[in-house]
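Data first, discussion second: the structure below is written as structure tokens.
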Amino acid sequence: MAGQRTESYDFASIEARWRDSWQERGFFRVDTAARDQTFYYLNMFPYPSGYLHVGHGRNYIIGDVLTRMKTMRGFRVLNPMGWDAFGLPAENAAIDNGTHPRDWTLANIARSREQFRAWGVQFDWEREVTTCLPEYYRWTQWLFLELYRHGLAYKKKAVVNYCPNCQTVLANEQVVGGQCDRCGTAPEPRELAQWFFRITAYAERLLADLDRLSNWPENVVKMQENWIGKSVGAEVTFRTERGDDLVVYTTRPDTLWGATFMVLAPEHPLVDELTTPEHHAEVAAYRDQALRASNIDRLSTEREKTGAFTGAYAVNPVNGARIPIWIADYVLMTYGTGAIMAVPAHDERDFAFALKYGLPILPVIQRSDGRVRAFVPTRAIERAFAEQMTAAGLAVAEVDGGFVVDFDAADMDRAVRLIQSDLQSRAWASVAGARCAFIFHDAVVPLDSAAADHEIVARCALLGGKSFRGRTAMEILHQIPAYGGLLFHADLGTMQNSGPFSGTPGEKAKDAVTAWLEAEGKGKKAVNFRLHDWLISRQRYWGAPIPMVYCDACGEVPVPYDQLPVLLPDVEFIGKMGLADIPGYAETTCPKCGGKARRDTDTMDTFVDSSWYYLRFINPHDDERAFVRDDVDRWLPVNQYVGGVEHAILHLLYSRFITKALYDMGHAGFEEPFARLFTQGMICHPAYRCPKHGWIHPSEVAAGDTCAKCGSPLAVGSMKMSKSKRNTVDPAEIIARYGADAERVYTLFMGPPDRDIDWAEEGIRGAFRFLQRVWTLVVGHVESLAPLGKTADVGSLDDEGRALWRRYHQTVRKVTEDLETRFSFNTAVASIMELVNELAPYADRPDADPALLRETVDGLILLLSPLAPFLGEELWRRVGHSESTLEVAWPGYTEAALVEDAVEIPVQVNGKLRVRIAVPPSVAADAEALRAAALDHPDVKARLAGVKLLKAIAVPNKMVSLVVQ
RNA sequence: GCGAAGGUGGCGGAAUCGGCAGACGCGCUAGCCUUAGGAGCUAGUGCCCUCGGGCGUGCGGGUUCGACUCCCGCCCUUCGCACCA
């Protein structure tokens with residue numbers, strides 16, 4: 001066939017021929033003065049580690065496809081690239097390689113640029129920004145000063161997370177699962193004076209404006225919502241017996257009457273003063289142990305609750321009850337007020353704590369399901385008990401050691417009376433659930449107060465029975481298996497045992513109690529956020545210096561704007577070091593008084609660098625301003641932002657905060673930086689871990705998944721590609737073997753771009769074969785094409801020609817839609833493949849219509865050109881054109897071509913597909929006509945012979961559904 | 001525990017608004033062509049089958065003429081958060 005005669009697909013020389021053409025012609029240079037049809041596409045800029053693997057490629061290839069396609073659609077597409085170039089990895093790599101972080105970083109940038117070039121991925125390189133260069137970080141420092149000037153940057157002494165391995169503090173967001181985000185070490189708490197950005201001032205807006213981000217993935221929005229963690233409740237002031245005010249935060253003011261003790265965080269400032277002498281040793285020991293324990297231990301919910309009694313008491317402001325004050329590490333100093341009122345009946349943690357330490361548990365909220373269960377021990381009653389209960393209409397069942405009677409809260413009084421009447425004189429029974437009470441032969445004691453709790457415990461002790469003893473009534477109930485799951489609940493239910501508020505329904509309870517607290521001056525409504533202020537100081541060298549000076553006379557003095565940048569000293573890099581380790585760096589003069597002063601020796605978190613870079617791309621070379629308001633207002637918010645989900649919280653939250661702050665300062669006219677966000681999935685590849693040698697390269701894997709070095713069995717699993725796991729695939733090898741176009745097409749085709757997916761070598765061969773077929777098809781039929789500009793004369797085509805013509809126009813529509821609005825690259829590729837599958841046999845026909853071939857072959861090349869740009873350019877010239885595909889308008893389609901000659905309509909009988917009938921489009925589009933046509937069709941008639949037709953439903957253009965008897 | 005996403009052939013996946021399940025590709029089978037290949041071409045490929053059909057989208061129900069799709073209840077996988085009062 002054609003394959004033997006045509007020249008073969010020499011991707012290497014094709015790609016070499018076009019690789020630099022696009023940059024040379026400046027197709028991706030954008031004039032930001034442009035006003036119409038602008039589109040700002042942005043990839044999250046990479047950390048220049050010097051090696052981008054095929055997984056990184058996915059991100060940039062998607063962006064390149066869209067940029068090329070949108071350019072052909074007539075947009076001025078700004079797609080810039082920069083480098084998030086400060087930070088620890090550069091320092092660590094520099095230490096390993098005995099070089100300077102700057103040299104390592106700049107060399108890597110050059111290498112990465114080369115990788116983009118090999119991929120054919122294009123950017124407006126004239127706008128390249130590099131965060132570690134003074135011309136950029138000068139403006140990062142400007143940003144810091146602006147935040148400072150507006151009260152949004154402040155220095156404070158605080159207990160912060162310090163990573164001993166990285167030798168620097170970390171932001172809250174950088175402690176993931178109790179470990180340093182970077183190195184996995186458990187950070188230790190340290191009290192240090194550090195710079196913070198007041199992101200909490202924006203907590204409410206950052207939360208509220210999530211509603212505007214309808215074009216963000218829902219999970220990212222949810223993650224931010226959870227991270228901000230707004231909760232509404234009340235602050236209630238308890239008074240200690242010594243006379244201190246002890247303020248607690250609670251989301252459940254309605255449970256106040258059930259507060260039977262208080263718990264302070266071990267590091268709470270009042271602990272020392274409150275602790276009585278006889279409890280001092282125990283409290284001190286507990287606190288030391290708690291502070292030493294890393295966050296990891298404190299974080300586990302599984303862990304048993306521990307604590308220590310201070311010996312002190314407070315008074316419950318709502319009922320005057322005297323309640324003990326404890327300390328426990330399940331209360332965090334960093335949330336709320338660092339102190340809680342414990343309501344063990346309705347808080348799971350308090351419940352566990354109270355059971356362990358024998359503290360009273362008083363139910364004050366009814367279960368919302370109203371369920372009540374009585375447990376009656378066998379020896380407490382007569383033999384006929386069950387029969388009597390049944391006769392009274394109560395559900396009774398025998399269980400181990402006795403009977404349970406289940407009823408509704410409304411039936412409580414009657415049921416309790418009945419049980420009591422059966423009770424032996426020295427026995428007792430109990431009731432738990434929506435209501436809680438103990439039944440004695442001479443009294444029924446509801447568990448409604450501390451006094452009742454005492455009475456119950458005393459009576460039970462008196463009655464004996466070694467099995468049911470406890471320090472509290474609830475502890476006694478807890479020993480009865482039949483009550484499993486009934487003793488604790490956290491429902492919002494009707495209040496009970498709560499003085500004047502008893503009977504208040506659940507949905508009103510919180511507000512009613514809060515209003516009352518405010519009126520009484522005992523508390524007030526309060527809102528709490530999980531979000532903390534952003535700690536931005538870092539004690540490491542490779543970052544933007546914090547532009548602040550400390551003067552004995554003037555105090556804290558910001559570096560004047562005209563003295564920026566505060567340069568990172570160009571010194572020999574000697575390993576893990578900070579600016580404080582550089583002799584002479586700190587020495588300076590006070591900008592205010594000219595006296596001797598010291599510079600701040602910390603650098604900024606790299607997330608500060610990346611929190612505003614999208615603005616700098618608009619005016620990257622302006623040395624007067626960070627950015628120009630008019631210009632950024634025209635280009636931002638970014639139309640399409642693309643990156644990994646791993647930035648769902650840190651970078652994306654910080655950027656939103658900075659944008660809002662800049663908006664408030666009048667520097668920008670928009671409040672959200674990224675209008676549309678897409679988070680692409682990771683590419684995974686098998687990774688092998690040897691118990692002795694750690695992550696090993698596939699070349700070191702012996703047969704049967706054992707280590708070639710030591711023979712140990714390996715742990716194998718598909719994991720996100722990363723250098724450290726040694727499971728990356730080098731794009732250079734793929735490109736050498738199959739070409740960049742094949743890698744691009746495979747990357748797009750492998751699956752939906754937001755999903756994680758395994759890299760498979762076989763898959764890329766499929767993409768390669770496809771490109772080869774396109775090559776053979778086009779190059780082999782150049783002679784058969786009509787002159788440039790000809791399009792098919794539909795009227796003169798035969799059936800196959802018309803089918804191909806329609807297929808072509810359908811493909812144009814599908815590819816356009818898939819790329820531009822659906823982000824569905826895999827189906828776009830699939831539909832182009834289908835077109836090729838239909839075009840190839842037609843083109844081989846000796847009587848193929850030259851004009852149709854011209855139209856479809858030209859269109860095919862254009863549709864393919866954003867995906868496989870090298871092949872696109874080459875073929876475009878081969879078929880006679882002289883311009884670049886980027887200068888040609890994206891193909892359009894004709895509506896008329898989407899209409900079929902005859903529509904095949906499936907006919908269902910009783911829900912099963914039985915017959916397909918072909919009808920003209922006009923019939924298919926009309927329900928009545930379609931039904932008639934179906935019923936008239938011989939095959940359908942045959943199906944209906946001898947049965948009774950009950951219903952015939954015709955759905956225009958879709959199907960006919962017949963229901964028979 | 002809370003939140004999110006997902007579960008479809010041997011594999012990656014498609015089915016966009018409730019309307020022909022499995023597009024497209026990989027792999028596999030057979031044949032052709034070459035015959036050193038991981039090259040090319042053609043045909044086939046969800047499962048079962050008595051060849052008429054039957055069964056099939058994690059499981060169990062429901063709504064509907066019709067359900068991968070909607071509703072209810074479960075199970076499993078992945079991710080994020082997690083003693084947040």
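The values are calculated or read from the model by the stated rules, or taken from the named source; none is laboratory data. If you're wondering where the values come from, they're calculated on a predicted model, not measured in any experiment. No Cβ is skipped: glycine too gets one built from the backbone with ideal geometry, and neighbour counts run over all protein chains shown. To get the accessible areas, we keep the full protein, side chains included, count just its heavy atoms, and leave off ligands, DNA and RNA. Shrake-Rupley method; radii C 1.70, N 1.55, O 1.52, S 1.80 Å.
One table, with the values for the structure above:
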{"quantity": "The range A:553-623: C-alpha gyration tensor shape, a/c 1.5 cut-off, then a/b vs b/c", "calculated": "oblate"}
{"quantity": "Gained length - A:Tyr154 relative to A:Val247, 0.36 nm times residue gap less alpha-carbon distance", "calculated": "30.9 nm"}
{"quantity": "Volume per residue of the C-alpha convex hull in the range A:382-498, rounded to whole Å³", "calculated": "113 Å³"}
{"quantity": "Debye, to nearest 20: dipole size of the range A:228-365, +1 on Lys, Arg Cβ, -1 on Asp, Glu Cβ", "calculated": "240 debye"}
{"quantity": "Taking only Cα atoms of the range A:422-488, radius of gyration then Dmax in Å", "calculated": "11.0, 30"}
{"quantity": "Largest-first principal axis extents of the Cα set of the range A:24-130 (Å)", "calculated": "49, 28, 23"}
{"quantity": "Relative contact order of chain A, defined on C-alpha pairs under 8 angstrom at six or more residues apart (%)", "calculated": "13 percent"}
{"quantity": "Residue (of A:His809, A:Gly789, A:Pro850) at the positive-pole extreme of the range A:781-853, dipole from beta-carbon charges", "calculated": "A:His809"}
{"quantity": "Radius of gyration, Dmax [the range A:886-965; alpha carbons; angstrom]", "calculated": "16.7, 66"}
{"quantity": "Rg/Rh (Cα only; Kirkwood hydrodynamic radius) as it applies to the range A:824-891", "calculated": "0.97"}
{"quantity": "Cβ-based charge dipole, the range A:601-642, positive-most Cα from A:His621, A:Val632, A:Ser611", "calculated": "A:Val632"}
{"quantity": "Prolate/oblate/rounded call for the range A:417-570, Cα gyration tensor, a/c under 1.5 rounded", "calculated": "prolate"}
{"quantity": "Dimensionless Rg over Rh [the range A:833-952; C-alpha; Kirkwood]", "calculated": "1.21"}
{"quantity": "Cα principal axis extents for the range A:591-706, largest first, Å", "calculated": "70, 46, 25"}
{"quantity": "Sorted peptide list for A:744-750, A:452-458, criterion being average Cβ within 10 angstrom, highest first", "calculated": "A:744-750, A:452-458"}
{"quantity": "Pair A:Tyr550, A:Ala450: separation of 7 Å Cα→Cβ label points (nm)", "calculated": "4.8 nm"}
{"quantity": "Within the accessible area of the range A:347-431 (1.4 Å probe), percent carbon and sulfur", "calculated": "46 percent"}
{"quantity": "The range A:806-965: relative contact order as a whole-number percent, Cα under 8 Å and 6+ apart", "calculated": "18 percent"}
{"quantity": "Charge context of A:Gly393, other residues only, Cβ under 15 angstrom, K/R +1, D/E -1", "calculated": "-3"}
{"quantity": "Length added when fully stretched, A:Asn910-A:Ala410, from 0.36 nm per residue minus Cα-Cα", "calculated": "174.9 nm"}
{"quantity": "Which of A:Pro505, A:Gly493, A:Ala482, positive extreme of dipole for the range A:446-511 (C-beta unit charges)", "calculated": "A:Ala482"}
{"quantity": "Derived scalar couplings ³J(HN,Hα) [the range A:166-171; Karplus, 6.51 cos²θ - 1.76 cosθ + 1.60; whole Hz; x for Gly, Pro]", "calculated": "7, 6, 7, 7, 10, 6"}
{"quantity": "Volume of the Cα convex hull of the range A:660-805, divided per residue and given in Å³", "calculated": "262 Å³"}
{"quantity": "Debye, to nearest 20: dipole size of the range A:680-808, +1 on Lys, Arg Cβ, -1 on Asp, Glu Cβ", "calculated": "540 debye"}
{"quantity": "Estimated FRET transfer efficiency when R0 is 41 angstrom, pair A:Arg379-A:Thr237 (beta carbons, to 0.05)", "calculated": "0.25"}
{"quantity": "For chain A, alpha-carbon Rg relative to the globular expectation (2.2 N^0.38 Å, N residues)", "calculated": "1.24"}
{"quantity": "Order by protection proxy (mean Cβ within 10 Å, highest first), peptides A:605-612, A:154-161", "calculated": "A:605-612, A:154-161"}
{"quantity": "Estimated inter-spin distance, A:Tyr51 and A:Glu188, nm [label 7 Å along Cα→Cβ]", "calculated": "3.4 nm"}
{"quantity": "Fraction of antiparallel bridges per DSSP, the range A:643-776 only, in percent to nearest 5", "calculated": "75 percent"}
{"quantity": "Chain A - share of DSSP beta bridges that are antiparallel (%, nearest 5)", "calculated": "85 percent"}
{"quantity": "Calculated FRET efficiency for the pair A:Arg469/A:Asn226, C-beta based, R₀ 56 Å, to 0.05", "calculated": "0.80"}
{"quantity": "Peptides ranked, highest mean first, by Cβ atoms within 10 Å: ranges A:945-955, A:669-679, A:778-788", "calculated": "A:669-679, A:778-788, A:945-955"}
{"quantity": "Probe 1.4 Å, protein heavy atoms only - accessible area per residue of chain A in square angstrom", "calculated": "42 Å²"}
{"quantity": "Note, ³J(HN,Hα) from phi for the range A:770-779, Karplus 6.51, -1.76, 1.60, rounded to Hz, x at Gly and Pro", "calculated": "4, 5, 5, 5, 4, 4, 4, 4, 6, 5"}
{"quantity": "Accessible-area value, A:His621, 1.4 Å probe, nucleic acids and ligands omitted, Å²", "calculated": "130 Å²"}
{"quantity": "Rough spin-label spacing in nm, given labels placed 7 Å along Cα→Cβ, for A:Ala490 and A:Asp623", "calculated": "5.9 nm"}
{"quantity": "Portion, in percent, of the accessible area of the range A:57-180 that falls on carbon or sulfur, probe 1.4 Å", "calculated": "46 percent"}
{"quantity": "For the range A:723-798, alpha-carbon Rg relative to the globular expectation (2.2 N^0.38 Å, N residues)", "calculated": "1.61"}
{"quantity": "R0 of 51 Å, Cβ-Cβ distance A:Ser425-A:Glu278: FRET efficiency to nearest 0.05", "calculated": "0.75"}
{"quantity": "Largest to smallest principal axis extent of the C-alpha atoms in the range A:226-372, angstrom", "calculated": "45, 35, 30"}
{"quantity": "Bins of 10 Å, starting at 0 and running to the largest distance - Cα pair percent for the range A:639-682", "calculated": "28, 49, 20, 3"}
{"quantity": "With every protein chain in place, the range A:754-910: carbon and sulfur % of accessible area (1.4 Å)", "calculated": "47 percent"}
{"quantity": "Formal net charge of residues neighbouring A:Ala897 (Cβ-Cβ distance under 11 Å; K, R +1; D, E -1)", "calculated": "+1"}
{"quantity": "Of A:Lys155/A:Lys305; A:Lys230/A:Lys510; A:Lys912/A:Lys958; A:Lys70/A:Lys814, those spanning more than 24 Å from alpha-carbon to alpha-carbon", "calculated": "A:Lys155/A:Lys305"}
{"quantity": "Size of electric dipole in chain A: Cβ of Lys, Arg +1 and of Asp, Glu -1, about Cα centre, debye, nearest 20", "calculated": "1280 debye"}
{"quantity": "Gained length - A:Ser784 relative to A:Asp442, 0.36 nm times residue gap less alpha-carbon distance", "calculated": "112.3 nm"}
